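Below: the structure, in structure tokens.
Every read-out reported here was derived from the displayed coordinates using simple, explicitly stated rules and does not represent laboratory data. The structure displayed is predicted, hence computed values, not measured ones. Cβ placement follows ideal geometry from the backbone for every residue including glycine, while neighbour counts extend to all protein chains displayed.
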């Protein structure tokens, strides 16, 4: 099994699929088994791998994300879901994810990736690229007149 750093990029998989015929589906699935998202809880599995890889605990990630603890655990375990991308961004910053890792986590959570043509998203990207935490990112967003990451209460 490939580790997450050796997975093919989505663009590479798209190129392969562009040339594929319907009869190629079984061979594609077999050849790219490790590149596929499987299991009932892909976000949970991905985040658990990243958290373990970085030597963190879920509790540390949730605290760093500044989320209510019970709610944070439910999100990380995919017992709860939210349509609020900022909540997932908080978890990504709390887990010290790279931009590439954060984009994958967002996709697995059903959220849009950060888009560099949007002012707020470009500042968030800079935060990931510089290893900033939630508080530091919020300071930058406020400094440039942008909305900070949405605070998260217990009313989710």
Listed residues 59, 14, 113; largest mean-square fluctuation, Gaussian network over the chain with Cα springs below 10 Å, found at 14
Here FRET efficiency (C-beta to C-beta, residue 77 to residue 10, R₀ 30 Å, nearest 0.05) is 0.75
Highest GNM mean-square fluctuation among 116, 68, 22, for the chain with Cα springs under 10 Å, belongs to 22
Of the candidate values (1) 48, 31, 29; (2) 64, 36, 30; (3) 53, 34, 28, the one computed for Cα extents along the principal axes in Å from this structure is (3)
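Per-residue ellipticity at 222 nm for the chain, helices alone: DSSP H runs ≥ 4 residues times -39500 (n - 2.57), over residue total, nearest 500 deg cm²/dmol? The partial results should precede the final answer.
Values: 9 runs with 86 residues, N = 156.
Mean residue ellipticity, 222 nm, calculated: -16000 deg cm²/dmol.
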Ranked by GNM mean-square fluctuation in the chain (Cα springs under 10 Å), the top entry among 115, 28, 88 is 28
If one compares the long axis through the Cα atoms of helix 42-53 with the longest principal axis of the Cα atoms of the chain, the angle in degrees, nearest 10, works out at 70 degrees
Taking a crude spin-label model, label points 7 Å out from Cα along the C-beta direction, the residue 25 to residue 63 distance in nm is 4.9 nm
Nearest 10, in degrees from 0 to 90: the angle of helix 119-129 to the longest Cα principal axis of the chain is 80 degrees
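With contacts defined as alpha carbon pairs under 8 Å and 6 or more residues apart, what's the relative contact order of segment 1-117 in percent? Each step should come with its number before you reach the end.
On the way: 77 pairs, mean separation 26.5, N = 117.
Relative contact order for segment 1-117 comes out at 23 percent.
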